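Shown next, in structure tokens, is the structure this report addresses.
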Amino acid sequence: MDKKGNDQFVQHIAKRSEDFPQWYTDVVLKTDMMDYSDVRGCMVIKPYGYGIWELIQQQMDKRFKETGHVNAYFPLFIPESLLMKEAEHVEGFAPEVAWVTHGGSEKLAERLAIRPTSETVIGAMYSKWIQSYRDLPVLMNQWCNVVRWEKSTRPFLRTSEFLWQEGHTAHATFEEAQEETMRMLEVYAEFAKNVLAIPVLKGRKSEKEKFAGAFATYSIEAMMQDGKALQMGTSHNLADNFAKGYDIQYLSKDGKLEYCYTTSWGSSTRMIGGLIMVHGDDRGLVLPPRVAPIQAVLLPIAAHKPGVLERARELLAALRAAGIRAEIDERDQSAGWKFNQWEMKGVPVRIELGPKDIEQNQAVVVRRDDLQKQFLSLDALPAQILTMLDDVHEGLYAKALGMREKETITATSFEELYEGVQHGFVRAMWCKDTACELAIKEKTGGASTRNMPFDEPAFSDVCVHCGKPAQSVTYFAKAY
RNA sequence: CGAGGUGUAGCGCAGUUUGGUAGCGCGUUUGGUUCGGGACCAAAAGGCCGCUGGUUCAAAUCCAGUCACCUCGACCA
């Protein structure tokens, strides 16, 4: 690269098309979102990245309140005996649990697991709290951190410690639990669309991939720009599996002792990784406006000239008064340098204000998504920026949806399916997912029915998702 | 856990083949000129060459061990 920079921050990033993993890492590190810590696989989220997370939290929490959930907090440590009560759950999580063995210098009589997820502790509490059908449903959520000792890690996508929310609910019947499971899956899908500008597929996971201990697991999956799938939220119907393990019972109206039906659902800082990989381009990050910590950055041009800075600060105040998260960059750097830096950081809208603009009562406004430049009058600028932010959101969503549709094929044979998942999603028919007996019925092609050789070795690295939207088709994708 | 790669200044790297004063670019600090797409000049600061041991008069460099990180597998609600 022949471009010169006067800040280490301004370095070229890898070409997205040539080296997607490297591009992703570059974007994460060079946009000042996170850093590596000394503990392997643990991330440090820096203020810019955390700002995104705060906006995600706010907007998601608002949705949880609307669906009647309340926030609570449960312990970080889970005694080993408590964790062991649900057999499938233990088996699934055992390989990735971190253990506390000592308190100070004394060895503990019983090891403490650092929560990989909280069904177990929360189940134990629910067992105390729930006595009667009048106590149901219990609808709670907690925002917290969890630890999973992963073998390999990637920033935001899979870290040893991560931040998330986990919802835990208890209901009187299986049907109510199922309804809750689907309701929250829908909340996630709506959130992905309207806040993150990411189109997602809703689907049910295969038996092999479902949450350890769940009756059924549903997820939302998005396609990244390399064609791979990323799970961006899950919702589990736990049926009465955990209620039986943790003795969550209630006395029904007609005086019978019954087990509860529980659900759990979660989404994490992985969503940040997802939005980087869905929207980013060769210039760096592209943030969807609703989670952008800075929605509009104001760059005074030739700021040393009289009046420029003053006018720019007035404009900043006007933007903020309109509810726009705006910042001004008054640093003593060249204009070109600032353009590049804020583009890399993905700020949705850039506003340039120089002496010539002030003369003509206008500003130069540039959208991050298409880099189109326009000259707008200063008078109505805040209102126009607000509209523009919505346009950017819609534009990003449409672009991501277009990409996904382009990279999704419909398969009518195993060969097509296998070929398709190498670079995108595949639509294929799904019947029932029972252990190793899987059958595919062709529907879209309208032709014959055949059995799918799911036990072929080539298929082992394919992540299977079953979605059941309107057209009743099935989605398969190669996953991260 | 398998295969490959990398550890040298805040960041990116050269130097290791052939042992001999620790180098370059960017950034940082100071002063000045600039300022509408990655500015320029001048000066300065900044290093347990991942760690441990060995060979040697002498090790960033050779040998052995070890640790960490990265990529790809495996694994992963």
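General remarks:
- Pairwise alpha-carbon distances in segment A:59-140 exceed 23 Å for 38% of all pairs.
- Using the Cβ of A:TRP129 as centre and a radius below 14 Å, the other residues enclosed give a net charge of 0, where K and R count +1 and D and E count -1.
- Calculated log₁₀ intensity ratio I(q)/I(0) where the Debye formula runs over C-alpha points of segment A:244-396, q = 0.11, 0.17 Å⁻¹: -0.49, -0.95
- Prolate/oblate/rounded label for segment A:47-93 (Cα gyration tensor, a/c 1.5): prolate
- Spin-label model, A:ALA317 to A:ALA302: label points 7 Å out along the Cα-to-beta-carbon direction sit 2.5 nm apart.
- Filter on A:LYS65/A:LYS107; A:LYS85/A:LYS228; A:LYS30/A:LYS151; A:LYS205/A:LYS406 - keep pairs with C-alpha separation over 31 Å: A:LYS65/A:LYS107; A:LYS85/A:LYS228
- Taking N as the residue count of segment A:1-160, its C-alpha radius of gyration divided by 2.2 N^0.38 Å amounts to 1.37.
- Extent along the principal axes, Cα only, for segment A:137-271: 56, 31, 28 Å, with the longest axis given first.
- Segment A:276-319 - convex hull of the alpha-carbon atoms, volume per residue in Å³: 78 Å³
- Packing-based exposure ordering (other Cβ within 10 Å, fewest first) of A:LYS253, A:LYS205, A:LYS244: A:LYS253, A:LYS244, A:LYS205
- Expressed as a fraction of 2.2 N^0.38 Å, the C-alpha radius of gyration for segment A:311-394 is 1.03.
- Dimensions of segment A:349-402 along the principal axes, based on C-alpha atoms and rounded to the nearest Å, stand at 42, 19, 10, largest first.
- Summing +1 for each Lys or Arg and -1 for each Asp or Glu among the other residues whose beta-carbon sits under 13 angstrom from that of A:TRP149 gives +2.
- Counting Cα-Cα pairs of segment A:199-320 in 5 Å increments starting at 0 gives whole-percent bin shares of 2, 9, 12, 12, 10, 9, 9, 8, 7, 6, 5, 4, 3, 2, 1, 0, 0.
- In this calculation the C-beta distance from A:VAL39 to A:SER17 is compared with R0 = 51 Å, giving a FRET efficiency of 0.95.
- The mean sequence separation of alpha-carbon pairs under 8 Å and at least six residues apart, normalised by the residue count of segment A:212-286, gives a relative contact order of 28 percent.
- Remark: spin-label model distance A:ARG183-A:TRP99 equals 4.0 nm, labels positioned 7 Å along the Cα→Cβ axis.
- Taking label positions 7 Å along the Cα-Cβ direction at both A:ALA380 and A:PHE77, the computed distance is 6.3 nm, reported to one decimal.
- Segment A:235-277 residues near the modelled A:TYR133 label - backbone nitrogen below 11 Å, point 7 Å along Cα→Cβ: A:251-258
- A Förster distance of 30 Å, applied to the separation of the beta-carbon atoms of A:GLU175 and A:ALA87, puts the FRET efficiency at 0.75.
- Simple rule: put +1 on each Lys or Arg Cβ and -1 on each Asp or Glu Cβ in segment A:156-299, find the dipole, and look at A:VAL297, A:LEU163, A:GLN231; the Cα lying farthest toward the positive end is A:VAL297.
- Were the residues from A:HIS423 through A:GLU330 laid out at 0.36 nm apart, the gain over their Cα-Cα distance would be 29.1 nm.
- The Cα atoms of segment A:195-240 define a convex hull whose projected area, averaged across directions, is 3.8 nm².
Values in this text are rule-based calculations from the coordinates and carry no lab data. Given the structure is predicted, the values throughout are model-derived calculations rather than measurements. Because the Cβ atoms are built from the backbone with ideal geometry, glycine has one as well, and the counts that use them run over all protein chains shown.
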